[in-house]
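Read through the structure below, which is laid out as structure tokens, and then see the notes.
The values are calculated or read from the model by the stated rules, or taken from the named source; none is laboratory data. Worth saying up front: this structure is predicted, and the values here are computed from it rather than measured. Counting neighbours? That spans all protein chains shown, and the Cβs are built from the backbone with ideal geometry, glycine included. Quick note on the areas: whole protein, heavy atoms, side chains included, nothing else; ligands and nucleic acids left out. Shrake-Rupley method; radii C 1.70, N 1.55, O 1.52, S 1.80 Å.
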Amino acid sequence: MINKVDHIGIAVKSIEAVLPFYTEVLGLPLLGIEEVDSQKVKVAFLKAGETKLELLEPMSPESAVAKFIEKRGEGIHHVALGVKSIEERIVELKEKGIRMIDENSRLGAGGADIAFMHPKSAAGVLFELCEKKEKKG
Ligand code: CMX
């Protein structure tokens, strides 16, 4: 069901402030920065071998990431699992009694289809299912 860990999401107050740690100290290549308006976050993706790190900076105090930082401080926010046929995977998880935050997939960063499981029904971890659309041509 799971192909790989696609990325690990890390909540930060300021991407600009922490980026030198990731690019210069750890030497990870920056893949890009974008704003995900629906989630009220700015995100930066860094390549970490086969997987990626996603820095998440809240763009509004109502953002889930802003609430997370307020309660828990900066740090690891979620783990994104790469899947194929995400809608089928969501149905399978629901059949197994998992509470989904997203009952249907929605558009996430990088144009991927994503859906979150509730951490209360996933061993205390916020897991995201993530399906990258095949590039055409
Ligand atoms: N990891 C693990 N547990 C978490 C968590 C996280 N990131 N965020 C919240 N929780 C826990 C809380 O600790 C809390 O547990 P307790 O009741 O034991 O304290 C419980 O989940 C409920 O959380 P809460 O603090 O009351 O916060 P909310 O219910 O308002 O929201 C959540 C929590 C996960 C439902 C919400 O953040 C959400 O819907 N997340 C999905 C969307 C998202 O995170 N988007 C940002 C990333 C977007 C992207 O990657 O593009």
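Taken over the stretch 1-17, the criterion of being within 16 Å of the ligand (Cβ to nearest atom) and open to solvent by less than 80 Å² (accessible area, probe 1.4 Å) is satisfied by VAL5, ASP6, HIS7, ILE8, GLY9, ILE10, ALA11, VAL12, ILE15. Regarding the stretch 75-97, can at least one residue be identified that is at pLDDT 95 or above, open to solvent by less than 30 Å² (accessible area, probe 1.4 Å) and of a type in the set (Ser, Thr, Tyr)? Taking every residue of the stretch 75-97 in turn, none turns out to be at pLDDT 95 or above, open to solvent by less than 30 Å² (accessible area, probe 1.4 Å) and of a type in the set (Ser, Thr, Tyr). What's the total number of residues in the stretch 18-47 that are in contact with a strand residue (DSSP E or B) (Cβ under 8 Å, 6 or more places away or on another chain), away from the ligand (no atom under 16 Å from the Cβ), open to solvent by less than 80 Å² (accessible area, probe 1.4 Å) and of a type outside the set (Val, Ile, Thr)? Number satisfying all stated conditions: 5.
Could you grab me the full set of residues in the stretch 78-119 that are near the ligand (Cβ under 10 Å from one of its atoms) and over 17 Å from the mean Cα position of the chain (by Cα)? The one that is near the ligand (Cβ under 10 Å from one of its atoms) and over 17 Å from the mean Cα position of the chain (by Cα): ARG99. Among the conditions (1) without any contact (Cβ under 8 Å) to a residue 24 or more places away in the chain; (2) of a type in the set (Val, Ile, Thr); (3) not in a helix (DSSP H, G or I), the only one that ILE8 does not satisfy is (1). Kindly evaluate LEU56 against the criterion of being more than 9 Å from the ligand (Cβ to nearest atom) and in a strand (DSSP E or B). No: the conditions fail for LEU56. Condition first: more than 14 Å from the chain's Cα centre (by Cα) and either within 7 Å of the ligand (Cβ to nearest atom) or open to solvent by less than 80 Å² (accessible area, probe 1.4 Å) (or both). Now tell me which residues in the stretch 60-71 satisfy that. Scanning the stretch 60-71 gives SER60, ALA66, LYS67, ILE69, LYS71. Taking residues in the stretch 17-31 that are without any contact (Cβ under 8 Å) to a residue 40 or more places away in the chain and closer than 15 Å to VAL43 by Cβ, and partners anywhere that are among the polar types (S, T, N, Q) and surrounded by 14 or more Cβ atoms within 10 Å (Cβ to Cβ), the pairs with Cβ atoms closer than 8 Å and at least 6 places apart or on different chains are LEU30/THR23.
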